[in-house]
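The values are calculated or read from the model by the stated rules, or taken from the named source; none is laboratory data. All of these numbers come straight from a predicted model, not from anything done at the bench. Methodologically, a virtual Cβ is constructed for each residue, glycine included, from the backbone with ideal geometry; neighbour enumeration extends over all protein chains shown.
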Amino acid sequence: MSVTLVADNLTQPQGELDASLFPDGNLTDLLAGWLQDAKDRVDANTGIATADQNEAAAAWVYYRAYTQVAQRFANEANSITVGPRTESYNADQRKYFADQAQRWLDWFYAQSTLTPAVPVPAFFGTIKGPSNCYRSVY
């Protein structure tokens, strides 16, 4: 079996996504790209059980979608005033979508033989440079 999901499976009322979460983008176009990426990843990963392939692909799409929403909230002003109307966003809204993205990413990796990339720690300390001088690295 291969991934048989279509965009309608991922949008309301069947799925979780709603166009109102993506006011600047066309959800249909975004979903097409995310879904193709998910299909490619699932097809390339032989460790995902056949019965779990659609769920793994959905998890990848939800991860990508919620990451984009969290990034949008992180990049927007916390408060916008236009005339007598003020709209405000708080950190909880961004955190909610970031947490949703992480939950779906964790689920995807739990189903696959792939492992998430491990961050490489930065070096903080002193190094020896030319002429035996020492410099701090930040």
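Of all residues in region 16-38, none that is free of Cβ contacts under 8 Å to residues at least 24 places away in the same chain and on the phi > 0 side of the Ramachandran plot has its Cβ atom under 9 Å from the Cβ atom of a residue that is exposed (fewer than 13 other Cβ atoms within 10 Å of the Cβ) and not in a helix (DSSP H, G or I), 6 or more apart or on another chain.
Please go through region 37-62 and pick out each residue that is loosely packed, with under 13 Cβ neighbours inside 10 Å and either assigned to a helix (DSSP H, G or I) or among the aromatic types (Phe, Trp, Tyr) (or both). The answer is Ala44, Thr50, Ala51. Inspect all residues belonging to region 83-92 and state whether any of them is closer than 24 Å to Gly15 by Cβ, modelled with pLDDT of 75 or more and either assigned to a helix (DSSP H, G or I) or within 20 Å of the chain's Cα centre (by Cα) (or both). Yes; the residues of region 83-92 include at least one that is closer than 24 Å to Gly15 by Cβ, modelled with pLDDT of 75 or more and either assigned to a helix (DSSP H, G or I) or within 20 Å of the chain's Cα centre (by Cα) (or both). Answer yes or no: is there a residue in region 25-33 that is buried (at least 17 other Cβ atoms within 10 Å of the Cβ) and modelled with pLDDT under 90. Scanning region 25-33, I find no residue that is buried (at least 17 other Cβ atoms within 10 Å of the Cβ) and modelled with pLDDT under 90, so the answer is no.
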